[in-house]
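> Before we start, here is the structure in question, set down as structure tokens.
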Amino acid sequence: GTRSTWGMSFGEDMNFSCLSLLVSFSVGVWLLRGVQAHLDPHYHKLRAVKAMESLSPTIISTSEPRVFKQKIDHFEWNSTTFDQYYFVKKDFWDADTGPILLFLGGQQPLDFSRVSDPEQSAVAWYAQKLNAMIVGLEHRFYGKSQPVSRYTAESLRLLSVEQALEDVDYFWAEFVRSQNLTSGTHPWIAIGASYSGALAAWARLKFPHMLVGALASSAPMEATLDFFEYDHGVTRSLQAFSGGCLANTMSLMNQINSKVDADMTDVKNSFGCEAVKDNVDFAYIVADAISFAAQYNQLFDSSLFTYDLRDEFCVNITEVATMQTLAQYVRFVHEQLKVSCEDAGISRVVSETGDAGGTSVIPSFYQSCSQLGFFQTAPKQGSLRSSAIDVDWFLGYCRKAFGSEFTKERVSDLIQTTNDRYGGRRMKGRFTAFVNGAFDPWKSVSILRVDKSMSRTLLIVNVTTGTHCPDFHAPPENFGDESSVLHTRLLNEFRRWLIGHEDPRSMTAWYESPLFVGGMILICLVLAMAVGITVTKMRKKERERTLPPMIPHAHRPSAMHAPELQHLHQAPLPAPTMGHMNVEGYTRLSAADHN
């Protein structure tokens, strides 16, 4: 018969329906697994039992570090482990419903004493007000948390933002499980400052099931190769104190910068920097010490922000604008930071032995070369830094320390990948507070406003008198000044994240839910099956319309029912046989045919 114009046979229609059923069944199984994973955030992780041997079943509040067996490589199936250090403080914690503040370490050893006293630390102050536990996690490759014994170009590949975020997730899941905590009863908030502030924001972005919110203080969110804007922030801070402070500082730095191609032995000796061989690096060290005053304004003194460093520097440099005054200041900063002049420079990355741990600058510089950038270069105009301090100067040290593959093009691509992965200043995360000081040189790479493409749940706070991490010291007693208002506002934001959300997953956007995604896929497949069934029926009707009818013998029309067939009834066809064939007639017909 004639084939249907729809182009598919009934058997093919059945194959299509069976395939749809098979796919629907598979998606249904996947959806059930998604539901289980949604109800149990640990389901999708294959956890090694040995990883928990280092975690005590009883939470102990102590300022002494504790050890967790962390995976060295989260992207390798059979990864070995290393000792990652963490701290716990539960003096204020309500064991029934109290939240947990996860303080993330950054590019330095984690000093838990700086965040454990509510009279000195905003983190502890928040914990006291919220009846929260504080858990501090040291960053891999910093302090005592060393996955390797020596820093090499190969071993440093284990140092990345991605590995650090997986550290947070793995630690969180095992801590919750080992302590028999319920994430819905004890929701978590991540807190970080500077680089670790960016980590906190990225952790909330990547693991919304884990965190109800994140505080990102002075967080550099937009990785940048040529960070010349940093120097503009420094000069703006000095200018804010007085025009004389900036003018005198610029004059002294111009004298140093003009001599980078000459013999600077005497000048370096006066600064205590005789061990620094690279004159450009020496100019960088001096400018960086001045930047330190502008960035922080205040120094830590027994964990307290008590010394107005920028103001003191500006007073002295305005009154006595000599090279000796500048040298005394640089020596003072290095003494306070407990580093030598050589240790404060970039050239140190090629002079170190490579032994892991201590105060090595290799890990942080490697992160700049491999993912983040933030090379603080000299602007074209109005710069404290030597014009020789450019991107190529920094990348030269990247290649000396880590290999020739760190070309400008490759590093630019690596930095762009970081921004593409996490969103840069247009991060798509939710329930995150970004705090920046108006005089912080880092603020230009942080999130200062929310555009139409970003979530309205983001909180942006600009501290008009603040510098770097302006919210990390405890608020003073007299509420009413900007610092107290800031801390109260953040505390209320924390409470909004916590109140009414029994489970951190309820903070997840509806379109992020695996239930929604799986349900939409299932609905689409059901609709596809319905369309397939409808098409099958339409094809069947089309075949019935186009194919000739098959009439059973018993229902064939006769002459008595169909007058137009009566002549056939009156003149029946002969039924010849071989014995009675009309051979003559056959022959005549054949001849006629041939004619």
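> Residues of segment 240-252 being buried (at least 19 other Cβ atoms within 10 Å of the Cβ) and without any contact (Cβ under 8 Å) to a residue 12 or more places away in the chain, which ones?
Correct list: L246 only.
> Continuing with the same structure: Looking at Q255, Q295, which is the one that is of a type in the set (S, T, N, Q), exposed (fewer than 15 other Cβ atoms within 10 Å of the Cβ), in contact (Cβ under 8 Å) with a residue 60 or more places away in the chain and assigned to a helix (DSSP H, G or I)?
Going through Q255, Q295 in turn, the sole match is Q255.
> Just need a number here: residues in segment 100-124 that are over 23 Å from the mean Cα position of the chain (by Cα) and either in a loop (DSSP other than H, G, I, E, B) or more than 24 Å from R496 (Cβ to Cβ) (or both).
The qualifying residues number 10.
> Here is a follow-up. Return only the number of the condition from (1) farther than 30 Å from A474 by Cβ; (2) open to solvent by 10 Å² or more (accessible area, probe 1.4 Å); (3) in a helix (DSSP H, G or I); (4) of a type in the set (A, V, I, L, M, F, W, C) that A173 does not satisfy.
All conditions are met except number (2).
> Quick test of your reading of the structure: E335 fulfils all but one of (1) open to solvent by 20 Å² or more (accessible area, probe 1.4 Å); (2) part of a loop (DSSP other than H, G, I, E, B); (3) modelled with pLDDT under 95. Name the failing condition by number.
Checking E335 against (1) open to solvent by 20 Å² or more (accessible area, probe 1.4 Å); (2) part of a loop (DSSP other than H, G, I, E, B); (3) modelled with pLDDT under 95, the one that fails is (2).
> Taking the options V260, V276, name whichever one is surrounded by fewer than 19 Cβ atoms within 10 Å (Cβ to Cβ), in contact (Cβ under 8 Å) with a residue 40 or more places away in the chain and among the β-branched types (V, I, T).
So the residue among V260, V276 that is surrounded by fewer than 19 Cβ atoms within 10 Å (Cβ to Cβ), in contact (Cβ under 8 Å) with a residue 40 or more places away in the chain and among the β-branched types (V, I, T) is V260.
> State which residue pairs qualify: first residue closer than 17 Å to K338 by Cβ and at pLDDT below 95 and inside segment 359-370, second residue among the acidic types (D, E) and in a helix (DSSP H, G or I) in any location, beta carbons under 8 Å apart, and separation of 6 or more residues or different chains.
That search, which allows pairs on different chains as well, returns T359/D343; V361/D343.
> Something else: Just to verify a result, which residue in segment 142-164, among those that are over 13 Å from F82 (Cβ atoms) and of a type in the set (S, T, N, Q), is modelled with the highest pLDDT?
For segment 142-164, the residue satisfying everything is S160.
> Being assigned to a helix (DSSP H, G or I) and open to solvent by 10 Å² or more (accessible area, probe 1.4 Å) is the requirement here; does H232 meet it?
So H232 passes the test.
> Working carefully through the options S270, S237, find the one that is open to solvent by 30 Å² or more (accessible area, probe 1.4 Å) and within 23 Å of L337 (Cα to Cα).
S270
The values are calculated or read from the model by the stated rules, or taken from the named source; none is laboratory data. Everything numeric here is computed off the predicted structure, so don't read it as measured data. Neighbour counts are summed over all protein chains in view; Cβ atoms, including those assigned to glycine, are modelled from backbone coordinates with ideal geometry. Accessible surface is based on the protein model in full, side chains and every heavy atom, while ligands, DNA and RNA are left aside. Shrake-Rupley method; radii C 1.70, N 1.55, O 1.52, S 1.80 Å.
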